[in-house]
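A.B. asks: There's a structure below that I have some questions on.
The values are calculated or read from the model by the stated rules, or taken from the named source; none is laboratory data. The structure displayed is predicted, hence computed values, not measured ones. Positions of Cβ are generated from backbone atoms using ideal geometry, with glycine treated the same way; all protein chains shown enter the neighbour counts. Quick note on the areas: whole protein, heavy atoms, side chains included, nothing else; ligands and nucleic acids left out. Shrake-Rupley method; radii C 1.70, N 1.55, O 1.52, S 1.80 Å.
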Amino acid sequence: MVCDEVPGRVRVAVRLRPRNAEESVADTDFADCVELQPELKRLKLRKNNWDGDTYQFDEVLTEFASQKRVYEVVARPVVESVLDGYNGTIMAYGQTGTGKTYTVGCLGEEDTAARGITVRAMEDIFANVSFETDSVSVSYLQLYMETIQDLLEPTNDKIAIVEDPKTGDVSLPGATLVEIRDQQSFIQLLRLGEAQRFAANTKLNTESSRSHAILMVHVKRSIKGRDAALSTENGNHQDMVKSLKPSVVRKGKLVVVDLAGSERINKSGCEGHTLEETKFINLSLSALGKCINALAENSVHVPFRDSKLTRLLRDSFGGTARTSLVITIGPSPRHRGETASTIMFGQRAMKVENMVKLKEEFDYKSLSRRLDIELEKLIMEHERQQKAFEDEIERLATEAQHRISEAEKNYADSLEIPKVSAKELSDLKKVIQKETVLRKAAEGEVKNLQIQMAELKMSEASGKSEILKLHKMLDGEASQKEKLEGEIAILQSQLLKSSLETHETRQEVGRAGFENEVGGLDSLISQVKVQQRASGNGEKPSMAKLFEQVGLQKILSLLEAKDADVRIHAVKVVANLAAEETNQGKIVEAGGLTSLLTLLKSSQDETIHRVAAGAIANLAMNDKLQAKLRSEHGIQALLGMVRCKHPDVHAQVARGIANFAKCESRASSQGTKSGRSFLIEDGALAWIVQNANNESSSIRRHIELALCHLAQHEVNARDMITGGALWELVRISRDCSREDIKTLAHRTLGKIVEAGGLTSLLTLLKSSQDETIHRVAAGAIANLAMNDKLQAKLRSEHGIQALLGMVRCKHPDVHAQVARGIANFAKCESRASSQGTKSGRSFLIEDGALAWIVQNANNESSSIRRHIELALCHLAQHEVNARDMITGGALWELVRISRDCSREDIKTLAHRTLVSSPTFQTEMRRLRINY
């Protein structure tokens, strides 16, 4: 099952290349070695004409898939992540000659629809960046015979890989980095690089790439840069001064890798220098495969340093990048081994999980430039205002001097007049007083202007000082950050040391308080460990001797101790003892199970719950203790522990239920137990069904095993169908990652059907009108219809009529499941007729399903229409059905499908069926259908 819920998992798509001219001639009598099921995202690798292995992928692309479709499902999510500030990798892997370079690097100069992932990715990047604030840079390299060469600078052919000792990031400082601003420049760079790549003519490919091509695109985007630029253009200087935070820069890196194809020397016919190139290619791909295996198995050591290719892709697999892998395969059965190897590489890669990390940092350089520009503008503004103030002062001084001169002149003229009347003298005095007042006002205004000018100078000085302080803060922030990080590391080490010293002190003080209990308990634990080691070495020390020295009753009495540490140590001892079958009966006889259950009721400690659950799970493995566990309410105690939300407790509960179900199944098979399962009687089935698809793999594995063991006995079938367990069994048989559990579920489903499970399911459908029950039951019958061995059973149990009866429910999901069931039944019937195991008309036609099929052949719902079209094509493949299909109007639908169907594979199948059927050909000539 594909786990889309994991955000950082490597996504893998598989693409099938069409047959080439050589394969069309050489393999004309042989079927393709693979069968694609794109609607289910599955691929079947044929072992022979009737058997094969099925694999699940994130996307399955047929030979008719367009380059645009490949880009949309494989590369676009990665490109969008790079634009958001994450690292991303797109890689093509496969046998030589299967279309990797066409998928990734085709320029599409003659046909724009043939553009590959690289060209389309850059088109999206250019459409989403603004070159006023953003930048895009490109490096283009090739790894040839373990040497990294620069395709943009051919003389630079020995580029070293540098790893950051702190972060582990890989960089290539010696590679040429070219900044580009348009698509045409990028295409020219690609042409230049492709001209430098090594290629050779082999038996498998006339243009076989002899090196791994690596394109690195660095995208730098400023998040707040656009707002800052707009603020500067509008002259909003105050907002610029207030907003002293640096803009955020996101740096994403897109790595596009076109791997050289893996090849076998005996098939490719390489010799001489080409043989040496092949050895280096296979060695680097082998190293990559080892790293993928180690990551998929969560190995402690991943051999990244075995090859330069794996060192370059360290961030892509198991690192911080979002990775998408497209594996390319060919249809020829002659290369089935290489195709199987490629598929298994993709399956292992799907298990690799990356820790996707946002690449974001502050742009202090941009902030410094903005502050410098703002400072220059403030200085210019201040100089302008200062000049205006000086001009105003000069104007006022000139005006005042002019008025004083006029007053003095008037006064002198008045003295020259020999006779001045009293009135004139009074008027003159008023003028002088007025002039004096105006002069004093002018002088006061001059003083005020001088004071304002002094204040502006002080404000200017203060502003300069503040700006200098900000520059110093910006310059010292990096060093201060490093200093603080160093101090934090020192404090953390000191804290760890103090914690260790405190822990040792507590242990020394605690020994005095409960030395007798804990000392005896520690001794007991050490004895149990010695016993376990001796058992592992083949020795069998007597447990009776150990119990004589310590005493089982004393161990169990410590479960009731007041000190929490003593209780935890005691329950761990009991759990270790319960792991051995020879001790399990003695523990139960001595009241150990009762003590454990009492401890669980009185304690809320997660550790006690986890260890006690493990002890009960160990006891549940013993066939002789089943009735005792049930009578002591052991099952209900396990179910009660799920209230503790700790996942380890849930895992132990699931293990206990699986062990109990396994022992019950064994007892029922041996005839020592009859009747329904104790688990079902105690209400555990609801919790089992609820957690059958749990996110935790350990919980899910135990629950799947428990369901399979419960379903092996007919007496439990009715309860499991009513409780929804049948649907989970169908899912397990189809999607479980464990092949042994998957096979067991498949075999169990067959037993359920043989034992009357199908009859029970059909009875439930007749008695219920619930849409959910109809949808789930229809899905279950549709899955059963995929089994070739159940065709006759389904027909005899009226399964086809039951499916047709469910269309009375108007819910579209129910109709979709009915259509899927009919398509599966028709496919199995067609296969049985081809193999000679069935003869005569189709059961679907005999049971009256053809009318509903024709009625819904052009349904508005794409899922219903697709299944009905497949069912019509499978029915039409056998001449015995042709006359009924013509009478029922199916011929017109087949003609429409062969002309207008959106699915190329169904369209081709309908065309081939019409052409190969003499009955259909005769009827089309009679109806004058040009075909």
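A.B. asks: Any residue in region 361-387 that's farther than 17 Å from S465 by Cα and at pLDDT below 90: show its pairings with residues that are of a type in the set (G, A, S) and not in a helix (DSSP H, G or I) at Cβ separation under 6 Å, as long as the two are six or more apart or on different chains.
C.D. replies: Correct list of pairs: D363/S247; S366/S247.
A.B. asks: Every residue in region 61-81 that is open to solvent by 50 Å² or more (accessible area, probe 1.4 Å) and of a type in the set (F, W, Y), please. Steps first, please.
C.D. replies: Going through region 61-81, the residues open to solvent by 50 Å² or more (accessible area, probe 1.4 Å) turn out to be 63-64, 66, 68-69, 72, 76-77, 80.
Listed by number, the list holds a single entry, F64.
A.B. asks: Out of the residues in region 162-175 that are open to solvent by less than 40 Å² (accessible area, probe 1.4 Å) and in contact with a strand residue (DSSP E or B) (Cβ under 6 Å, 6 or more places away or on another chain), which is farthest from R311 (Cα to Cα)?
C.D. replies: Checking each candidate, the answer is A175.
A.B. asks: Out of everything in region 565-602 that is of a type in the set (G, A, S) and open to solvent by less than 10 Å² (accessible area, probe 1.4 Å), what residue ends up being farthest from Q553 (Cα to Cα)?
C.D. replies: Taking the candidates together, the pick is A578.
A.B. asks: Another question, then. Of all the residues that make up region 292-326, how many are more than 19 Å from L141 (Cβ to Cβ) and surrounded by 24 or more Cβ atoms within 10 Å (Cβ to Cβ)?
C.D. replies: 5
A.B. asks: Would you be able to say whether some residue in region 39-57 is acidic (D, E), part of a helix (DSSP H, G or I) and free of Cβ contacts under 8 Å to residues at least 40 places away in the same chain?
C.D. replies: no
A.B. asks: So which residues in region 345-361 are touching a helix residue (DSSP H, G or I) at 6+ places or on another chain (Cβ under 7 Å) and assigned to a loop (DSSP other than H, G, I, E, B)?
C.D. replies: Within region 345-361, the first condition is being touching a helix residue (DSSP H, G or I) at 6+ places or on another chain (Cβ under 7 Å), and the residues that meet it are 345, 348-349, 351-352.
Passing the criteria: K351, V352.
A.B. asks: Right, next: Quick check on A851: is it open to solvent by 30 Å² or more (accessible area, probe 1.4 Å) and aliphatic (A, V, I, L, M)?
C.D. replies: Values: open to solvent by 30 Å² or more (accessible area, probe 1.4 Å): yes; aliphatic (A, V, I, L, M): yes.
Here the answer is yes, as A851 does meet what is asked.
A.B. asks: Name the helices (runs of 4 or more DSSP H) wholly inside region 795-847 in which the number of residues that are of a type in the set (K, R) and within 14 Å of A785 (Cα to Cα) is 2 or more.
C.D. replies: Passing ranges, in order: 812-835.
A.B. asks: Which one of these does I555 not meet: (1) open to solvent by 60 Å² or more (accessible area, probe 1.4 Å); (2) in a helix (DSSP H, G or I)?
C.D. replies: (1)
A.B. asks: With respect to L468, is the statement that it is out of contact with any Leu (no Cβ under 8 Å at 6 or more places or on another chain), modelled with pLDDT under 80 and in a helix (DSSP H, G or I) true?
C.D. replies: no
A.B. asks: Let me ask something else. Would you mention how many residues in region 854-894 are open to solvent by 40 Å² or more (accessible area, probe 1.4 Å) and at positive phi?
C.D. replies: The qualifying residues number 0.
A.B. asks: Pairs under 7 Å by beta carbon, first residue closer than 15 Å to L151 by Cβ in region 172-190, partner assigned to a loop (DSSP other than H, G, I, E, B) and among the charged types (D, E, K, R), six or more apart or different chains?
C.D. replies: Once the first residue is closer than 15 Å to L151 by Cβ and sits in region 172-190, its partners that are assigned to a loop (DSSP other than H, G, I, E, B) and among the charged types (D, E, K, R) give T176/E153.
A.B. asks: Looking only at region 640-656, how many residues end up being open to solvent by 60 Å² or more (accessible area, probe 1.4 Å) and either of a type in the set (F, W, Y) or touching a Phe, Trp or Tyr at 6+ places or on another chain (Cβ under 8 Å) (or both)?
C.D. replies: 0
A.B. asks: What is the number of the single condition among (1) touching a Gly at 6+ places or on another chain (Cβ under 6 Å); (2) in a strand (DSSP E or B) that T323 does not meet?
C.D. replies: For T323, the exception is condition (1).
A.B. asks: Looking at (1) at pLDDT 90 or above; (2) open to solvent by 30 Å² or more (accessible area, probe 1.4 Å); (3) more than 14 Å from T328 (Cβ to Cβ), can you tell me which one A21 breaks?
C.D. replies: (1)
A.B. asks: Could you tell me whether region 583-592 includes any residue that is touching a Leu at 6+ places or on another chain (Cβ under 7 Å) and within 16 Å of V653 (Cα to Cα)?
C.D. replies: Among the residues of region 583-592, not one is touching a Leu at 6+ places or on another chain (Cβ under 7 Å) and within 16 Å of V653 (Cα to Cα), which makes the answer no.
A.B. asks: Among the listed residues D84, D58, which satisfies the condition of being under 23 Å from the mean Cα position of the chain (by Cα), assigned by TED's automatic domain parsing to the domain that holds V219 and open to solvent by 50 Å² or more (accessible area, probe 1.4 Å)?
C.D. replies: Working: D58 fails: open to solvent by 50 Å² or more (accessible area, probe 1.4 Å).
The conditions single out D84.
A.B. asks: Considering region 614-639 alone, what residues qualify as being small (G, A, S), open to solvent by less than 20 Å² (accessible area, probe 1.4 Å) and assigned to a helix (DSSP H, G or I)?
C.D. replies: G614, A615, A617, G634
A.B. asks: Every residue in region 711-743 that is in a helix (DSSP H, G or I) and closer than 17 Å to S697 by Cβ, please.
C.D. replies: So the first thing to find is which residues in region 711-743 are in a helix (DSSP H, G or I), and the list is 714-722, 725-735, 739-743.
Those that are in a helix (DSSP H, G or I) and closer than 17 Å to S697 by Cβ: E728, R731, I732, D735, E739, D740, I741, K742.
A.B. asks: Return the total of residues in region 72-89 being of a type outside the set (K, R) and part of a helix (DSSP H, G or I).
C.D. replies: Final tally of qualifying residues: 11.
The rows are residues; the columns are (1) surrounded by fewer than 17 Cβ atoms within 10 Å (Cβ to Cβ); (2) more than 29 Å from the chain's Cα centre (by Cα); (3) part of a loop (DSSP other than H, G, I, E, B).
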site	(1), (2), (3)
A92	no, no, no
E110	yes, yes, yes
N156	yes, yes, yes
A160	yes, yes, yes
E179	yes, yes, no
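A.B. asks: Which of the residues spanning region 675-710 are within 21 Å of Q636 (Cα to Cα), assigned to a loop (DSSP other than H, G, I, E, B) and not basic (K, R)?
C.D. replies: Residues satisfying the conditions are G675, S677, D682, G683, A684, N691, A692, N694.
A.B. asks: To continue, here is another question. Could you check, for region 127-140, whether at least one of its residues is more than 20 Å from L177 (Cβ to Cβ), open to solvent by 20 Å² or more (accessible area, probe 1.4 Å) and either under 24 Å from the mean Cα position of the chain (by Cα) or of a type in the set (S, T, N, Q) (or both)?
C.D. replies: The answer is yes, given that some residue of region 127-140 is more than 20 Å from L177 (Cβ to Cβ), open to solvent by 20 Å² or more (accessible area, probe 1.4 Å) and either under 24 Å from the mean Cα position of the chain (by Cα) or of a type in the set (S, T, N, Q) (or both).
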